[in-house]
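The values are calculated or read from the model by the stated rules, or taken from the named source; none is laboratory data. Every value quoted in this text rests on a predicted model; they were computed, and no experiment measured them. Here Cβ is always computed from backbone atoms with ideal geometry, including for glycine, and neighbour counts include all displayed protein chains. Side chains included, ligands, DNA and RNA excluded: accessible areas come from the protein's heavy atoms. Shrake-Rupley method; radii C 1.70, N 1.55, O 1.52, S 1.80 Å.
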Amino acid sequence: MRRLILVLHLIALLPLAGQARSPNALADFVRIVLAEDALPVQKAAADELASYVGRITGNKLDILSLEQFAKSQPTGKTFYVGDQAAELALGKTPAPWKPEEWMLKSVPSGLVIAGHDGKGSPWSLNVAAGSMLAAYTLLEDHLGVHWFWPGEFGESVLKNPKAIIPALDVRQTPAFEIRSVSLGYPSTYHTKKFNDAARIWARRNRLAWVRSAVFGHSWFDAFNLRTDASFKAHPEWFALVNGKRRPPQMCTTHPEVIARMVEHVLKGKAQIMHISPSDGGGFCQCENCTALDVPDALSYDGKTIQLSDRIFTYANEIARRVREQNPDKACGMFAYTYYHKPPLRIEKLEPNLYLSFVYQSAAQRDPLNLIEWREKVAGWQKLGARMVVREGWGNHYYHDMHFLHYDQIINNLAEAHDLGFVAAYGEGSKNFAAMAPNYWALTRMMWNPARDTGQLMNDFYPAAYGPVAKEMKAFFESYNQALNKNWPRRDRRVDTTGIAYANVIGAWRRLIPVAAVDEAEKYLRAAEAKAPAGEFADRVRFHRFGHDYTKLMLELLESYRQLELLGVKIGSFNPPEVKHRDDPVARDELLKRAYELGERREEMLLAHRDWAGPDEGLYAFTKDRGLRPWHQAVKKALGIEKETALTKEKLKQAASR
């Protein structure tokens, strides 16, 4: 009753609710109103709005509760944030809301900013935050505030006391149910400052994973492969390979494996639970499994038998049993490597089976890859697949260099949306110092894949670099055009149009030749000379760091490739059939240079850990697991005993000092 009286009193203070058809000066807004018991996401929306509008206009906005507002003598315009304030301004409740739905609606007394809001931290991407989505849409799309990357130098707020808010009447749900990109491998190796900044950056760029869904490899969890207990108790569950049962793959036709996976899904906390096989090879060769394979149907590498029919027979059976027991539960399944192509003998996929379609749009530089992508998507959709983008936008294959492919990102997400993909997520890199344009394209296309794409990148450069926009666009385009031109020169050790690690690891000097780096250097120096002190010079300095790291990596990776040719065991930079040459003098000189570069690389990785720069976590992660021991091999060949400072434990210790 008290709340009803309060609302009636407030309504009496307001102009008649309705659609305001005229734009409003931002400076006319003097307050933000929200409920006393507002949710944390609504309070965060109000705080963000007050901070940024204040910085734009130079005026301070008061944040008032409904009770405080009722006791005031309101003059000027008001932002109404959250359900209860929206009800006051509209004269009716805006509920019910669809998942993540948001509203921006002009009313005679101001602007309603509301949406589907959940309980929990406003900076958790798993929490529904419709009011925050609405606030950030206002700030970015209409008031020119931008968050280019996490942390230092990434925020742009231009002071504009004459800013105008157009008449707005928008109520929408996001085009993609999931909008997510991970920033590096993994976040536990990064500093708290960077991780906190990354979460805030993601929220402000309207990313979210509110849908209760888990995709990815499942058998490690479902069969507790952390230990060998399952294997000892039930070896018959595991893949038969060369006559012996072994993990980490399972026998997908074994009835107890199917039953265990059904239980895994039904007991799982998420609405969509993962059921995909383990990563890598070693799939079952038993008669029941191989009987489901289609003879002569080959997978992505043109050599291995396609496993799609056996794997999706397994997935369909799990999804069918799950749906019979709980119609609200669903299964998340990769289309990946040996089971990336559509099955040939299955007529329909179960309606509660979500297909996490793994690919990299960067490969669509090759027109044949784009044709193959479209053919595969069409094939899956004939089976009724509910498709999810699972990308590698900042894949570790790229080694934090300038692997720019914003044109492919834009075109692919627009097409995926048109084709009915329901969500988009994938791997990213921490290194915005090299790939900032990729993330501008990515975040904006995930939020609005139906936008006019023609202007998207042209908006980025003036917003981020102001008076040196021309020079910075030319800088990034030097790398982008080099990759466009030289992509056909990658290796073909694996017969695929996609991006195979073996096809790029030894090809970087062909993909980004010295001439392209020199051209980028020319434009970067021009930007450095011209940029005025302040945010634009800071951003150019940030990109100088990324450019210097790419230059170092290109020389270092080529050094490793040449050292292999000189007989030093490094990794797999060359095809095994390539002949080695005997030149001890050249080998020793190159070893010394590779050591210098490797040490410099480690110094750079440690230099600015709080920046959105090269990923020290990825480097340390590989060292901790004995992967890519390239620098160790060089030190061993030179007889140098020196421990790296880049391990998880040492990075934690350094961050705590």
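Looking at region 192-211, which of the residues that are assigned to a loop (DSSP other than H, G, I, E, B) and modelled with pLDDT of 95 or more is farthest from residue 260 (Cα to Cα)?
Residues of region 192-211 assigned to a loop (DSSP other than H, G, I, E, B): 205-207, 209-211.
Right, trim to modelled with pLDDT of 95 or more and you get 205-207, 209-210.
Details: 205: 39, 206: 37, 207: 34, 209: 27, 210: 27 Å.
Looking at residues that are assigned to a loop (DSSP other than H, G, I, E, B) and modelled with pLDDT of 95 or more, I get 205.
Using the structure shown, decide if residue 301 is touching a strand residue (DSSP E or B) at 6+ places or on another chain (Cβ under 9 Å), open to solvent by 10 Å² or more (accessible area, probe 1.4 Å) and of a type in the set (Asp, Glu). Full working, then the answer.
Details: touching a strand residue (DSSP E or B) at 6+ places or on another chain (Cβ under 9 Å): no; open to solvent by 10 Å² or more (accessible area, probe 1.4 Å): yes; of a type in the set (Asp, Glu): yes.
Answer is no for this residue.
Inside region 73-83, can you point out the residues that are in contact (Cβ under 8 Å) with a residue 12 or more places away in the chain, over 17 Å from residue 52 (Cα atoms) and either open to solvent by 40 Å² or more (accessible area, probe 1.4 Å) or among the polar types (S, T, N, Q) (or both)?
Initially, region 73-83 is screened for residues in contact (Cβ under 8 Å) with a residue 12 or more places away in the chain, giving 74-83.
If we keep only those that are over 17 Å from residue 52 (Cα atoms) as well, we get 74-76, 82-83.
Residues satisfying the conditions are 74, 75, 76, 83.
Mind listing whichever residues of region 159-191 are open to solvent by 20 Å² or more (accessible area, probe 1.4 Å) and at pLDDT below 95?
If the condition is that a residue be open to solvent by 20 Å² or more (accessible area, probe 1.4 Å) and at pLDDT below 95, then 185, 186, 187, 188 are the ones that fit.
Looking only at helices (runs of 4 or more DSSP H) that lie completely in region 478-538, which have at least 3 residues being among the charged types (D, E, K, R) and without any contact (Cβ under 8 Å) to a residue 40 or more places away in the chain?
Values: elements: 501-504, 508-511, 514-530.
By residue number, 514-530.
Only one of these is aliphatic (A, V, I, L, M), within 24 Å of residue 217 (Cβ to Cβ), at pLDDT 95 or above and in contact with a helix residue (DSSP H, G or I) (Cβ under 7 Å, 6 or more places away or on another chain): 404, 370, 383, 355. Name it. It would help to see each step written out before you state the result.
Working: 404 fails: within 24 Å of residue 217 (Cβ to Cβ); 370 fails: within 24 Å of residue 217 (Cβ to Cβ); 383 fails: in contact with a helix residue (DSSP H, G or I) (Cβ under 7 Å, 6 or more places away or on another chain).
The conditions single out 355.
Condition check: touching a residue at least 12 places away in the same chain (Cβ under 8 Å), over 22 Å from residue 120 (Cα atoms) and among the hydroxyl-bearing types (Ser, Thr, Tyr). Does residue 173 satisfy that?
Values: touching a residue at least 12 places away in the same chain (Cβ under 8 Å): yes; over 22 Å from residue 120 (Cα atoms): no; among the hydroxyl-bearing types (Ser, Thr, Tyr): yes.
Against the criterion (touching a residue at least 12 places away in the same chain (Cβ under 8 Å), over 22 Å from residue 120 (Cα atoms) and among the hydroxyl-bearing types (Ser, Thr, Tyr)), residue 173 does not qualify.
Working carefully through the options 438, 431, find the one that is within 23 Å of residue 190 (Cβ to Cβ), in contact with a His (Cβ under 8 Å, 6 or more places away or on another chain) and at pLDDT 95 or above.
On the way: 431 fails: in contact with a His (Cβ under 8 Å, 6 or more places away or on another chain).
Exactly one of 438, 431 is within 23 Å of residue 190 (Cβ to Cβ), in contact with a His (Cβ under 8 Å, 6 or more places away or on another chain) and at pLDDT 95 or above, namely 438.
Looking at region 47-74, which of its residues are touching a helix residue (DSSP H, G or I) at 6+ places or on another chain (Cβ under 8 Å) and small (Gly, Ala, Ser)?
Hit for region 47-74 is 70, nothing else.
Do you know which residues across region 539-554 are in contact with a His (Cβ under 8 Å, 6 or more places away or on another chain) and either without any contact (Cβ under 8 Å) to a residue 60 or more places away in the chain or not hydroxyl-bearing (Ser, Thr, Tyr) (or both)?
Filtering region 539-554 down to residues in contact with a His (Cβ under 8 Å, 6 or more places away or on another chain) leaves 545-547, 550, 553.
Scanning region 539-554 gives 545, 546, 547, 553.
Looking only at region 418-434, which residues are in contact with a helix residue (DSSP H, G or I) (Cβ under 9 Å, 6 or more places away or on another chain) and part of a loop (DSSP other than H, G, I, E, B)?
419, 420, 421, 429, 430, 431 - these are the residues of region 418-434 that are in contact with a helix residue (DSSP H, G or I) (Cβ under 9 Å, 6 or more places away or on another chain) and part of a loop (DSSP other than H, G, I, E, B).
Cβ contacts < 7 Å: first residue acidic (Asp, Glu) and modelled with pLDDT of 95 or more, restricted to region 220-243; second residue surrounded by 12 or more Cβ atoms within 10 Å (Cβ to Cβ) and not in a helix (DSSP H, G or I), any location; separation 6+ or different chain. Result?
236/245; 236/254
Those residues that are in contact with a helix residue (DSSP H, G or I) (Cβ under 9 Å, 6 or more places away or on another chain) and either open to solvent by 20 Å² or more (accessible area, probe 1.4 Å) or closer than 30 Å to residue 174 by Cβ (or both), I need them from region 215-236; list them, please. Quick ask: steps written out before the conclusion?
First, the residues of region 215-236 that are in contact with a helix residue (DSSP H, G or I) (Cβ under 9 Å, 6 or more places away or on another chain): 218-219, 221-226, 230-231, 234, 236.
Matches in region 215-236: 218, 221, 224, 225, 226, 231, 234, 236.
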